[in-house]
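Scroll down for the structure; my scribbles are underneath it.
The values are calculated or read from the model by the stated rules, or taken from the named source; none is laboratory data. Not measured: the values here are computed from a predicted model. Cβ placement follows ideal geometry from the backbone for every residue including glycine, while neighbour counts extend to all protein chains displayed.
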Amino acid sequence: MAKSTKSYEERMLEMEKKEQESLEKAKRYAVQKKELLKRKKAEESKKRTHRLCQVGGAVESVLGAPIEEEDIPKLIGFLKKQEANGNFFSKAMQKETNTDMEEV
C-alpha cells in the first residue's frame, strides 16, 4: 500500500494551525497568570488593611479614645522621637532599626 504524502501547502497549513493554537494557549496562560497576580495583590492588601486596623485599635485601646486624623502626625513624631532617643520603639517591638526613616 502506497504511503499518502501531504503537499507542502497542507503541511504548512497544519503548522500554521498548530502555531495559532499555541499562541492562543499562551495568551490564555498569560491571562491566568495576570489573574493570579491580581488575586495575590488583593490578598496582600486585605492582610495589610487588617494589620493596620489592629494597630489602630491597639493604639486607641491604650489611649482610651479614638484617634483623630490630626493626631496621626503627633503619633508619628512621638514614635520617631522614641527611635531617635535610643530605638525604644524598635526595642519594645523587638525589631531591627531602620536608620533611613522617611519623613511623613
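Observations on the model:
- A single member of ALA26, ALA92 is at pLDDT 95 or above and out of contact with any helix residue (DSSP H, G or I) (no Cβ under 8 Å at 6 or more places or on another chain), and it is ALA26.
- Some residue of segment 55-78 being of a type in the set (Ser, Thr, Tyr), surrounded by 10 or more Cβ atoms within 10 Å (Cβ to Cβ) and part of a helix (DSSP H, G or I): no
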